[in-house]
Amino acid sequence: MTSILNADLHCHSVVSDGTLTPEELAARAAANGVELWSLTDHDEIGGQHRAAAAAKANGMRYLTGTEISVTFADETVHIVGLGFDPDDAAMKQGLYDTRGGRGRRAEEMSEGLAKVGIKGAYEGALRFVGNPELISRTHFARFLVEGGHCRDTNEVFRKYLTEGKPGYVPHRWASLKDAISWIQDAGGLAVIAHPGRYKFTANEEYALFLEFKAHGGRAIEVVTGSHSPPEYQEYAEKALEFGFAASRGSDFHSPDESHCDLGKLPWLPGNLQPVWELLENRVR
Ligand code: AMP
Ligand code: MN
Ligand code: MN
Ligand code: MN
């Protein structure tokens, strides 16, 4: 496998905060030319068997996937896991525990929104939820757009759901060490998702990369729907500097919300090691 491969190793279904089923995503990915696919729902691997079967039915190769919420230096960081055993008991338990605080957090978010006049946000968000264990800020954002409070989900995040805003509730997720261990102990490989998205200083980012590497982390996302073209370049250089392989994924959530469609990304730069070269024996 080379860097010229239409791999899309990051997207979301109704099992987390996407709007399409694993089967609908597989059909869309295949129609867009994806050759190697992974469904990476937040803190959840309940869609993996369906996604693998749908990939096969659509002629694509498949890597198991998830995107784990982690707290590092008081910030939320996302760690993608690829190529693990989807039936691994310790990983399933770790993800179950990570999902655990979401219900209480959602109730507190709803209380914060009620204080600025938005009533019934918890019940409203629940109507958009596909998996009762996985209520996320995205579901609140859809409810606020539906109610005419904002034009799109981006505006909701800006005005209501990010730090300092009325619907924001700080939350402690998994530790970096635990998330990497769950992935690796289940036979998979850990990837830092969209490193350009975090509000870290240069020193904090450096600490994240070093700690991630010390725990056995092997790759970072370089070409992702969550990066700008200058960030492709920036993180390509950092991948080389730190000796990380590189991943590529749209982070697609919904035809109505995502600006980057499945498989519609530039190629990985040819001088990087594609993460799928480290996962050849995990591809289904
Ligand atoms: P949560 O895991 O509940 O904190 O929700 C995080 C999710 O919110 C991310 O995975 C994105 O899907 C979504 N999200 C975060 N920031 C934004 C933003 N600025 N615009 C739109 N969606 C966002
Ligand atoms: Mn999401
Ligand atoms: Mn993410
Ligand atoms: Mn994502």
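Which of (1) more than 14 Å from ligand 1 (Cβ to nearest atom); (2) modelled with pLDDT of 95 or more; (3) open to solvent by 10 Å² or more (accessible area, probe 1.4 Å) is the odd one out, the single condition GLU44 does not satisfy?
Every condition holds for GLU44 apart from (1).
Evaluate the following for GLU111: is it over 21 Å from ASP43 (Cβ atoms) and free of Cβ contacts under 8 Å to residues at least 12 places away in the same chain?
In short, yes.
Sort out which residues of segment 132-157 are open to solvent by 30 Å² or more (accessible area, probe 1.4 Å), over 23 Å from ASP43 (Cβ atoms), free of Cβ contacts under 8 Å to residues at least 60 places away in the same chain and not hydrophobic (A, V, I, L, M, F, W, C), and write them in order of number.
GLU146, GLY147, GLY148, HIS149, ARG151
Tell me, yes or no, whether segment 92-105 has at least one residue that is assigned by TED's automatic domain parsing to the domain that holds ALA51, over 23 Å from VAL14 (Cβ atoms) and touching a helix residue (DSSP H, G or I) at 6+ places or on another chain (Cβ under 8 Å).
There is no residue in segment 92-105 that is assigned by TED's automatic domain parsing to the domain that holds ALA51, over 23 Å from VAL14 (Cβ atoms) and touching a helix residue (DSSP H, G or I) at 6+ places or on another chain (Cβ under 8 Å).
Of the residues that make up segment 226-244, is at least one open to solvent by 40 Å² or more (accessible area, probe 1.4 Å), within 18 Å of LEU5 (Cβ to Cβ) and not in a loop (DSSP other than H, G, I, E, B)?
Looking for residues that are open to solvent by 40 Å² or more (accessible area, probe 1.4 Å), within 18 Å of LEU5 (Cβ to Cβ) and not in a loop (DSSP other than H, G, I, E, B), one finds at least one in segment 226-244, hence yes.
What is the number of the single condition among (1) surrounded by 17 or more Cβ atoms within 10 Å (Cβ to Cβ); (2) in contact (Cβ under 8 Å) with a residue 60 or more places away in the chain; (3) of a type in the set (Gly, Ala, Ser) that ALA54 does not meet?
(2)
How many residues, within segment 1-13, are surrounded by fewer than 22 Cβ atoms within 10 Å (Cβ to Cβ) and either within 15 Å of ligand 2 (Cβ to nearest atom) or modelled with pLDDT of 95 or more (or both)?
The total comes to 2.
I'd like the full set of residues that are within 16 Å of ligand 2 (Cβ to nearest atom), of a type in the set (A, V, I, L, M) and part of a loop (DSSP other than H, G, I, E, B), limited to segment 14-56.
Once the filter is applied, which keeps residues that are within 16 Å of ligand 2 (Cβ to nearest atom), of a type in the set (A, V, I, L, M) and part of a loop (DSSP other than H, G, I, E, B), segment 14-56 yields VAL14, VAL15, LEU20, LEU39, ILE45.
The values are calculated or read from the model by the stated rules, or taken from the named source; none is laboratory data. The structure presented is a predicted model; accordingly, all values stated were derived computationally and were not measured. Every residue, glycine as well, gets a Cβ built from its backbone with ideal geometry; the counts of neighbours run over all protein chains shown. Just so you know, the surface numbers come from the protein's heavy atoms only, side chains and all, with ligands and any DNA or RNA stripped out. Shrake-Rupley method; radii C 1.70, N 1.55, O 1.52, S 1.80 Å.
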